[in-house]
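Undergrad: Quick one: this structure, given as structure tokens, is what I'll be asking you about.
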Amino acid sequence: MYNFIEIEFLKLKRSKIFLLTILGAIFPSFILFLSAKFGEFSQTISLETFLHQVYMYTSVIFVIMLFTIIISYLFGREYNEHTLKTVLTAPTSRELFILGKYIMFLVWVLIITVVTILSALAFGYLAGTTEITMNVVLENFKQLLLCNMLLYLTFTPLVFITMKITNLVPAIIGGAMLTFTNMIITGSKYGMYFPWSCPYLITSGEIIEYTTNYIPSYLIILATFVIGLAVSYIYFIKKDVPL
């Protein structure tokens, strides 16, 4: 498994997708930095406020598109390059292949999370934020990490869709549609029932505006994960490998 992950990283070296996702993780902090410098905020803001704004824009908007691009690349690359049959040779079984892809996706999500919080800290400092403390940074990092982990669980259905539609363009269009839908639903009373809105509402505490019972939202996330994982696994195991 370690060798599989290592090979995946070597493949990333030859691709611009990894750099694109890193830039995407930095972008919200950069936008807020420009807003702070050009008078969007009426007064100097604290680092906690700056980090929370980055976390909100990242979780509701940017990370949805980033995760869609990552999944489309990770799970569709071998189909598009017609190398899947070559890859699926001993000792790489189908089970090991799809498990390795999911692990690689998780590692990629963790990298994006770290890059997001570090870039937010750097741009927050450059923006002249106040009350810069380690506790603030750690609390916001934990919040963002939990949100991204919950979002990770909700993206298994998109793995199945990627295996069915291997082209990156439809995936990007679908990701954009999901992003706009998430933006609209997150601010409504139905957000607690929408899998991709639940993580932000739970981790930010905003879900308390609609209910004090978090269990339905957690169950929706879990159900989305299990159904998507099962469908993608069964489909990949049973589907004939294209030449």
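The values are calculated or read from the model by the stated rules, or taken from the named source; none is laboratory data. On a predicted model such as this, the values are computed, not experimentally measured, just so you know. In this analysis, Cβ positions are derived from the backbone assuming ideal geometry, glycine residues included, and neighbour counts consider all displayed protein chains. Accessible surface areas use protein heavy atoms only, side chains included; no ligands, DNA or RNA. Shrake-Rupley method; radii C 1.70, N 1.55, O 1.52, S 1.80 Å.
Undergrad: Once a ≥ b ≥ c are taken as the square roots of the eigenvalues of the Cα gyration tensor of the range 169-210, is the result rounded (a/c under 1.5), prolate (a/b larger than b/c) or oblate (a/b not larger than b/c)?
TA: Details: a/c = 3.43, a/b = 2.50, b/c = 1.37.
Prolate.
Undergrad: Looking at [x] 20.8, 76; [y] 18.2, 54; [z] 19.0, 62, which value of Rg and Dmax of the Cα atoms in Å comes from a calculation on the structure shown?
TA: [z]
Undergrad: Alpha carbon centre of the range 27-66 versus the range 1-26: separation in Å?
TA: 26
Undergrad: Using the beta-carbon distance between Ser188 and Val231 and R0 = 30 Å, what value does 1/(1 + (r/R0)^6) give for FRET efficiency, to the nearest 0.05? All intermediate terms of the calculation are to be shown ahead of the outcome.
TA: Values: r = 28 Å, r/R0 = 0.93.
That gives a FRET efficiency of 0.60.
Undergrad: So what's the back-of-envelope 222 nm ellipticity for the chain, counting only DSSP H runs of four-plus at -39500 (n - 2.57) apiece and dividing by all residues, rounded to 500?
TA: The helix-only estimate for the chain comes to -24500 deg cm²/dmol at 222 nm.
Undergrad: Okay, next question. What ranking do 14-23, 144-153 get when scored by the average of other Cβ atoms within 10 Å per residue, highest first? Walk me through the numbers on the way to the answer.
TA: Numbers: 14-23: 13.8, 144-153: 20.1.
Going from most to least packed, we get 144-153, 14-23.
Undergrad: Further, regarding this structure: Round to the nearest 0.05 the FRET efficiency obtained for Ile7 and Ile165 when R0 = 30 Å and r is the Cβ-Cβ distance. Before the final figure, lay out each step's value.
TA: Working: r = 25 Å, r/R0 = 0.83.
For Ile7 and Ile165, the calculated efficiency is 0.75.
Undergrad: Follow-up question, since we're still on this one. Rounded to a whole number, what % of the accessible area of the chain do carbon and sulfur atoms account for, probe 1.4 Å?
TA: Here carbon and sulfur together make up 70 percent of the probe-accessible area.
Undergrad: Which value, in Å² and to the nearest 10, is the accessible area of Phe180 when all protein chains are kept and the probe is 1.4 Å?
TA: Ignoring ligands and nucleic acids, Phe180 comes out at about 130 Å².
Undergrad: For Ile173 and Leu99, calculate 0.36 nm times their separation in residues minus their Cα-Cα distance, and state this gained length in nm to one decimal.
TA: Numbers: separation 74, 0.36 × 74 = 26.64 nm, distance 2.62 nm.
Once the chain is fully extended between Ile173 and Leu99, it gains 24.0 nm.
Undergrad: Quick one: which of Lys37/Lys142; Lys11/Lys164; Lys142/Lys164; Lys11/Lys239 span more than 29 angstrom between C-alpha atoms?
TA: Values: Lys37/Lys142 27 Å; Lys11/Lys164 22 Å; Lys142/Lys164 35 Å; Lys11/Lys239 24 Å.
Flagged as over cut-off: Lys142/Lys164.
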